[in-house]
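*Asks:* Sending over a structure as structure tokens; questions will come in a sec.
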Amino acid sequence: MIHAIRLFAVLLAACLLWGLSATTTHAGAYEAALPPELATAADLCALVPCAEVLPGATRFSPRKGQPPYAEGYGTGTDGKPALLGYVMLSTDITDTPAYSGKPVVTLIGMDTQGRYAGVKVLKHSEPILLLGIPESALLDFNRQYVGKSVADEIEVGQSRADEGVVGVDAISGATVTVIAQNQVLTTSGAAVARQVGILAPTQRAPASFAESGKRYSWQQLVASGAVQRLLVQPAQVGLQGGDGPFIELWFGDLNHPDIGRSVLGDAGWQGLRAQLRSAEHAIFVIRTAGAESFKGSGFVRGGIYDRVQVRQGADAFTFRDLDYLNLYGVAAEGAPTPTESAIFVIRSPGFSAAYPWKLSFLGNRVDRATGTRSFASFDAPYWLPETMLQGGRPHIDEPEAPWRKVWRKQAGAIALFVALLCAVTLVYALRDRLTRRATHKNKWPVNAFKYTAWALSIVFVGFAAMAQPSVTQVLTWFHALLLRWDWALFLSDPFIFCFWIFIIVTVLLFGRGLFCGWLCPFGSLSEAIFKLGRFLGLKRWQRQLPRRWHDRLKWVKYGVFFGLLAVSVFSMGLAEMLAEVEPFKTTFLVGIGNRAWPYGLFACTLLGLSLFIERPYCKYLCPLGAALAMPSTFRWFGLRRKVDCNHCKACAVGCGSQAIDANGRIDQRECLHCLDCMVLYTDTRGCPPLARERKRRARDGLALTPVGRDGYFFPLVPVPADAPKLSGPDPRLPTDPVAPPYAAKAGAARWITEVWDHIWPWSGEGWRSARALQVAGLAIALAATVAWALAATGQLRAGALIGWWLGWSVYEVLIRLAGRRYVKDGPWWRGRYRRATVMDMLCYVGFKNLLVGAVLFLTLKGMGILSA
């Protein structure tokens, strides 16, 4: 057995090394280095291969328009230059993130008829397209657009001619990525097509203003929504924080008589009206903070104001020097003093003040780690108040969000999946009723449900829906929190989204065992293979690892998880590559036959071992299981134990996950909830203490009473002598019970003291036993506090802040182990405490500081102070 383990370890290392070497050789566009001036250079096509996406073009113009594009020219039949089409860079138009949280930088070609002429991915950050799925799959996906029109309604999925929908095939296992890429291609193509006249602007009914004749103060204009604010913090553009924002803009409509007179005064508004034609519209923009100019410098070179634009629906309205009017001040009472101001005129008849629009401030986001710049758009919405429009605001048919389309098209399958999750949760919640109906010789009252869940998990969840959760999703969410959290992105994969809601809820209620033991597709497949081996007569060769080896190897999965998490802080791409320790992609997403042989061999080896060892991957290697095991320490409801379990080994012998120790205690982090021990718990013929009592009563002619919740027969006569007495360690708790210093307190005093105990890790006992450790802890706590203060003032990046917080968390574990070595067991409202092991304390501090850090982190991100 030990030789097999060593052979497996060598195979795992070989697979990882092969994967890394293959990655280096075939990385392609993955995290490709792009020219640092790509976002700002006038000559786009001098930096990127525009000719590849616009065949036949030999000459390209500089960037023009807003959003920018380049014209491509070839040689006409008369020998003169002929316009063949347009080339655009996706990140000049939209920064829609893919699953990694970063956009796929794409070069797009479009001919003069509005048909896609070519698509080339310049850079992406999707590791699944590096290892899990060949990068060529994304190239094949993009080729489907060539020849299709930007006027088409293109969706990922099947075509629906009756609805005018043109479908493109998805990439199996990369649903979120292709949905985001479809949005990038269609948004970019339509934006340029409208700008050059291929697509006509949307026709909207003009506004009919409701005039009151009032003059409003600045505060009243802001309160009513007639004036809006656009605020950009330095962290949002990758700069160090300072005393104020990067830029603060206030803007609003000027055509409405009440707003116009309030902002410009009577004479100013009448002068503006004299300069506007009937179909033209004016807005004002003022800067009140920040040194950045919203006018930019483009109007000096080419007469274009390239820092601001107005967007209404799919239309974008840009401004030239002829669209600019001076604004010398704001007449409204209480208005701030502007440091820069302008009036911009929208001359397109497609704009209507009756409908909502957005002011967009266009800029570049700097990656402070590499110095590279990327396009960024910061928007603020505007819609005239209901009372300022005759008849109120018009009804708007907003385009359906991509994630909503996915949920609508798969509503039936999603409903069945949610029903499965709810049914499994309900069955497990009623487990006591099932286990009482089962015996050690007839477990079908439990197994019928469990085996059904396995089958549905393997076939429906794993192979059909490809909804196998993965540790890569944990890492992706962690980094999305750092870079850009987008609910729409995660909602794009409804099965994974629903599955994770189920996982989070059930882990906190019951521990990881319900997901890992009942619904994990790979775990179910591994368990099914083990049962199949027993059915085929391999039981004589099926073994559990010796206890001493099991107790060592079960920690490997925690090392794998913490290693992946640590690597992801420095390189998400490398962490995703190392996450190939999970065989999930090979088994369900891509298929063993569709991957390179080392990955297939690795997956087959794991499944082959499952014939002889019950769930070897789940018990010893799975980083996802380790991630879920940590909060399982504090599950609310665990499996029951009785006092005799500390010397009876019946349950431990039959525990496939080897989660029951020599004292009869269940390690909730390792338990996979097979419920075999709970069947024995009330089995009057299988549980030795119950069997002895049953035989005694039968011998003495006494009645058999039902088995109570404590696992014993109800006593015939309520005599204290019949109560079981504890001898040795209490198996009902994972460790020995402990009374915290505030155990004797009650009411509000107890709650206040307990909250303080969570915040303040130092104690008198710790000072007496490890004074140097406590002093060092105070210094690190002070440094971590300073780190949060620096982050709150915009002077510390998110990555550095997380590093300090992790460092403090490690030290807090050491401090608590030296003085406050206890944790609460079970629901928070119960006062049941026990001695903490090192793993208990790691889980407690890690989980607590994750929640505290997440709240503070999201608060700073929401304030626009913290940057990645």
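The values are calculated or read from the model by the stated rules, or taken from the named source; none is laboratory data. Nothing here was measured: the structure is a model prediction, and the numbers come from that model. FYI the Cβ positions are ideal-geometry reconstructions off the backbone, even for glycines, and counts take in every protein chain you see.
*Asks:* Which one of these is of a type outside the set (Val, Ile, Thr), modelled with pLDDT of 95 or more, surrounded by 22 or more Cβ atoms within 10 Å (Cβ to Cβ) and touching a Gly at 6+ places or on another chain (Cβ under 8 Å): Phe246, Phe284?
*Replies:* That would be Phe284, the only listed residue that is of a type outside the set (Val, Ile, Thr), modelled with pLDDT of 95 or more, surrounded by 22 or more Cβ atoms within 10 Å (Cβ to Cβ) and touching a Gly at 6+ places or on another chain (Cβ under 8 Å).
*Asks:* I want to confirm something. Restricting to the stretch 405-443 and keeping residues that are among the small types (Gly, Ala, Ser) and loosely packed, with under 14 Cβ neighbours inside 10 Å, which single residue is nearest to Gln183 (Cα to Cα)?
*Replies:* Ranking the candidates gives Ala411 first.
*Asks:* Which residues, taken from the stretch 332-364, are among the polar types (S, T, N, Q) and more than 19 Å from Lys295 (Cβ to Cβ)?
*Replies:* Those that are among the polar types (S, T, N, Q) and more than 19 Å from Lys295 (Cβ to Cβ): Ser348, Ser352.
*Asks:* Please go through the stretch 212-241 and give me each residue that is touching a Gly at 6+ places or on another chain (Cβ under 7 Å) and of a type in the set (Gly, Ala, Ser), ordered by number.
*Replies:* Ser217, Ala226, Ala235, Gly241
*Asks:* One residue is enough: does the stretch 855-863 have a residue meeting the conditions surrounded by fewer than 18 Cβ atoms within 10 Å (Cβ to Cβ) and in contact with a helix residue (DSSP H, G or I) (Cβ under 8 Å, 6 or more places away or on another chain)?
*Replies:* Yes, the stretch 855-863 contains at least one residue that is surrounded by fewer than 18 Cβ atoms within 10 Å (Cβ to Cβ) and in contact with a helix residue (DSSP H, G or I) (Cβ under 8 Å, 6 or more places away or on another chain).
*Asks:* Right, next: Would you pick out the residues in the stretch 248-295 that are among the polar types (S, T, N, Q) and in a helix (DSSP H, G or I)?
*Replies:* Ser262, Gln270, Gln275, listed by residue number.
*Asks:* Go through the stretch 207-240 and report how many residues are surrounded by 14 or more Cβ atoms within 10 Å (Cβ to Cβ), out of contact with any helix residue (DSSP H, G or I) (no Cβ under 7 Å at 6 or more places or on another chain) and in a loop (DSSP other than H, G, I, E, B).
*Replies:* 5
*Asks:* If I ask for residues that are part of a loop (DSSP other than H, G, I, E, B), in contact with a helix residue (DSSP H, G or I) (Cβ under 7 Å, 6 or more places away or on another chain) and surrounded by fewer than 21 Cβ atoms within 10 Å (Cβ to Cβ), which ones from the stretch 307-331 would you list?
*Replies:* Scanning the stretch 307-331 gives Ala314, Ala331.
*Asks:* Just to be sure I understand, how many residues within the stretch 731-753 are free of Cβ contacts under 8 Å to residues at least 40 places away in the same chain, surrounded by 12 or more Cβ atoms within 10 Å (Cβ to Cβ) and assigned to a loop (DSSP other than H, G, I, E, B)?
*Replies:* Qualifying residue count for the region: 3.
*Asks:* Are there any pairs with C-beta distances below 7 angstrom linking a residue in the stretch 807-833 that is assigned to a helix (DSSP H, G or I) to a residue that is loosely packed, with under 15 Cβ neighbours inside 10 Å, with the two at least 6 apart or on different chains, and if so which?
*Replies:* Cβ pairs passing all conditions: Leu817/Val838; Ala818/Ser769.
*Asks:* In this structure, does Ile304 turn out to be buried (at least 19 other Cβ atoms within 10 Å of the Cβ) and touching a Pro at 6+ places or on another chain (Cβ under 6 Å)?
*Replies:* no
*Asks:* Check Gln658, Gln668 and return the single one that is assigned to a loop (DSSP other than H, G, I, E, B), more than 17 Å from Arg547 (Cβ to Cβ) and out of contact with any Phe, Trp or Tyr (no Cβ under 6 Å at 6 or more places or on another chain).
*Replies:* Gln668
*Asks:* State whether one or more residues within the stretch 170-187 are in a loop (DSSP other than H, G, I, E, B) and hydroxyl-bearing (Ser, Thr, Tyr).
*Replies:* Scanning the stretch 170-187 turns up at least one residue that is in a loop (DSSP other than H, G, I, E, B) and hydroxyl-bearing (Ser, Thr, Tyr).
*Asks:* Restricting to the stretch 406-463, give me the number of residues that are closer than 25 Å to Gly654 by Cα and in a helix (DSSP H, G or I).
*Replies:* The qualifying residues number 26.
*Asks:* Right, here's the next one. Looking at the structure I just gave you, is Pro394 more than 30 Å from Phe562 (Cβ to Cβ), outside any helix (DSSP H, G or I) and of a type outside the set (A, V, I, L, M, F, W, C)?
*Replies:* Yes.
*Asks:* Additional query: Is it fair to say Leu83 is within 15 Å of Ala193 (Cβ to Cβ), aliphatic (A, V, I, L, M) and touching a Phe, Trp or Tyr at 6+ places or on another chain (Cβ under 7 Å)?
*Replies:* Spelling it out, Leu83 is indeed within 15 Å of Ala193 (Cβ to Cβ), aliphatic (A, V, I, L, M) and touching a Phe, Trp or Tyr at 6+ places or on another chain (Cβ under 7 Å).
*Asks:* Now, a different point. Find all pairs meeting these conditions: Cβ atoms under 6 angstrom apart; at least six residues apart or on different chains; first residue within the stretch 374-396 and more than 18 Å from Leu359 (Cβ to Cβ); second residue at pLDDT below 90 and of a type in the set (Val, Ile, Thr).
*Replies:* Here the result reads Ser374/Thr91, each pair linking the stretch 374-396 to a residue that is at pLDDT below 90 and of a type in the set (Val, Ile, Thr).
*Asks:* Suppose we keep only residues that are surrounded by 18 or more Cβ atoms within 10 Å (Cβ to Cβ) and over 27 Å from the mean Cα position of the chain (by Cα) within the stretch 834-854. Which one would you say is nearest to Asp730 (Cα to Cα)?
*Replies:* Arg834
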